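Step one of this worksheet: look at the structure below.
The values are calculated or read from the model by the stated rules, or taken from the named source; none is laboratory data. This is a predicted model, so every value here is computed, not measured. We place every Cβ from the backbone using ideal geometry, glycine too, and count neighbours over all the protein chains shown. Note: areas computed on protein heavy atoms with side chains; ligands, DNA, RNA excluded. Shrake-Rupley method; radii C 1.70, N 1.55, O 1.52, S 1.80 Å.
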Amino acid sequence: MTDIPAPPSGWTAAATQAAAELGLGTDWAALAAPDWTRLCRRAGEILAGQGHAPPAGWDAALAHALGRPDPAAARDELARDELAQDAANTVLAERGEVFAPEDDA
């Protein structure tokens, strides 16, 4: 997380605007990691367009302010899920079984 104790109010307003533009809603804690990443990218663009480019690590401060879990933890969870799926696919492939939805046709 950054050394910013509380993000400027413009950050939460940019996040709300980005969520509306992307059709994501404002249940910050329920957003999936990829949606949160999209939201942060768009909110950063909004802030930069206003002349307030956020510093590195700003998404962690924003997440904290909005009551969302730490983005790093969400990225770790996503990576673990992907690894688990890869492992499951490997086991199925070794058995010669179908492991991709498009292969079920």
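Taking 10 °C and 1.306 mPa s as conditions, region 7-79 diffuses translationally at an estimated 132 µm²/s according to Stokes-Einstein applied to its Kirkwood radius (Cα pairs).
Residues in region 7-96 average 57 Å² of solvent-accessible surface per residue, probe 1.4 Å, ligands and nucleic acids excluded. Other residues lying with their Cβ under 12 Å from the Cβ of Leu39 contribute a combined charge of -1, Lys and Arg counting +1, Asp and Glu -1.
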